[in-house]
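The values are calculated or read from the model by the stated rules, or taken from the named source; none is laboratory data. Just so it is clear, the structure is predicted and the values come from calculations on it, not from any experiment. Here the Cβ is made from the backbone with ideal geometry for all residues, glycine too, and neighbour counts use every protein chain on show. To get the accessible areas, we keep the full protein, side chains included, count just its heavy atoms, and leave off ligands, DNA and RNA. Shrake-Rupley method; radii C 1.70, N 1.55, O 1.52, S 1.80 Å.
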Amino acid sequence: MDLYSELLDRFIICDGYNFDTNAQAVLSGLKLNKSFDDKVAILSGGEKIKLMLATVLLGTSKTLLLDEPTNNLDLASVEFLINYLKSIKKSYIVVSHDEKFLDEVTTKTFELKNGIITEFPFSCSKYLEVQELAFEQSKKQYEEAREQQAYLRNKLAQATTIASSTKGKTAKDND
């Protein structure tokens with residue numbers, strides 16, 4: 001009875017009574033309209049990837065790690081995935097090159113640079129804007145520093161020329 005009780009608790013936590021319905025909704029949303037009885041071996045490569053994505057989405061983990069989840073998805077499936085991620089009560093980390101998708105499903109952006117992770121409390125587009133502004137500011141500072149260096153080199157050259165000509169006149173005057 002203890003084992004049965006523990007398994008029933010797990011089943012309820014995993015929403016087991018609604019699993020078939022949820023699974024059909026996810027598979028349909030991802031345009032993977034196959035029967036539960038179909039063998040995975042008969043699926044195409046793209047269909048297998050969609051099945052793996054569905055397995056992750058339907059899993060019981062509290063945090064999802066999604067690496068390029070929009071690959072192999074058509075626009076309708078991407079829209080389904082966006083709406084699905086917005087509706088679940090799980091945390092997720094998404095790695096993607098799809099800026100529009102990231103803007104739709106994320107509220108934070110993390111940058112990994114030189115082994116350091118920096119958190120930005122905004123979407124991908126805003127992050128890219130901030131990075132562009134920072135780049136432009138750095139570029140401007142660099143150009144100003146180069147101009148300052150050129151100015152100082154010119155002044156140093158002038159001072160060296162004056163010192164040389166003064167030293168030469170003094171030496172000639174002493175002769």
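Taking the criterion of being among the hydrophobic types (A, V, I, L, M, F, W, C) and open to solvent by 50 Å² or more (accessible area, probe 1.4 Å), the residues of the stretch 123-136 that qualify are L128, L133, F135. Close contacts from the stretch 6-22, counting a first residue that is over 17 Å from K62 (Cβ atoms) and polar (S, T, N, Q) and a second that is open to solvent by 90 Å² or more (accessible area, probe 1.4 Å) and in a helix (DSSP H, G or I), with Cβ to Cβ under 7 Å and a gap of 6+ residues or different chains, come to none at all. Residue pairs whose Cβ atoms lie under 6 Å apart, separated by 6 or more positions or on different chains, with the first residue in the stretch 75-87 and over 18 Å from G59 (Cβ atoms) and the second open to solvent by 10 Å² or more (accessible area, probe 1.4 Å) and outside any helix (DSSP H, G or I), are S77/K31; V78/T70. Residues that are in a helix (DSSP H, G or I) and either open to solvent by 30 Å² or more (accessible area, probe 1.4 Å) or aromatic (F, W, Y) (or both) within the stretch 82-116 comprise N83, Y84, K86, S87, E99, K100, F101, D103, E104, listed in sequence order. Please specify each residue of the stretch 18-37 satisfying the condition of being closer than 29 Å to L8 by Cβ and not small (G, A, S). Matches in the stretch 18-37: N18, F19, D20, T21, N22, Q24, V26, L27, F36, D37. Just so you know, in the stretch 5-43 the residues that are small (G, A, S) and over 24 Å from Y84 (Cα atoms) include one that is surrounded by the fewest Cβ atoms within 10 Å (Cβ to Cβ), and it is A41. For the stretch 63-100, a tally of residues being over 21 Å from I117 (Cβ atoms) and aromatic (F, W, Y) returns 2. Residue check: is L32 farther than 30 Å from Y127 by Cα and touching a Lys or Arg at 6+ places or on another chain (Cβ under 7 Å)? So L32 passes the test. Go through the residues of the stretch 56-63 one by one and say whether even a single one is open to solvent by less than 60 Å² (accessible area, probe 1.4 Å), in a loop (DSSP other than H, G, I, E, B) and more than 20 Å from A76 (Cβ to Cβ). Yes, the stretch 56-63 has at least one match.
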